[in-house]
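Worksheet for the structure shown next.
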Amino acid sequence: MHVQVFADKHIGGSAALIEQAQDTIESILDRYADNLTRVEAHITDVNGHKGGLGDKQCNLEARPKGQPPVAVRHRATTVEEAYIGAAESMAHLLDSRFGRLHHTKGSETIRHMAAH
């Protein structure tokens, strides 16, 4: 899994910020590394120079192997909260996506388990 982070000019994508975001996103999505080819994070300041609460945004796109890309968006007050929130949202989405893929027909359902 290759993680790329892009920051707009209002964020000021220093090497330290990019590296920290990459490391954090990788650690949150690590359990899906074998199923993903690439993850792209686009961090922006929605209000630009005006500031404001909840104006930092991270759009996160993951490319599962052999499937169409999936994307999430998270807004927060800080850049760090934005990319952590987006990575956690992506983890929930991937849990759902890969859980359905690996679910086998014929396994017990809640109704069958309650009958026992």
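Descriptive notes on the structure:
- Rounded to the nearest whole Hz, the Karplus-based 3J(HN,Hα) values (6.51 cos²θ - 1.76 cosθ + 1.60, θ = phi - 60°) of the stretch 19-32 follow the sequence 5, 5, 5, 4, 4, 5, 4, 4, 5, 5, 9, 3, 5, 9, with x at glycine and proline.
- Placed amide H near Val5: partners under 5 Å, 5+ positions off or other chain: Ala41
- Convex hull (Cα only) mean projected area of the stretch 1-88, reported in nm² to one decimal: 5.1 nm²
Only the coordinates and a few stated rules stand behind these numbers; no lab work does. Remember, predicted model here, so these are calculated numbers, not experimental data.
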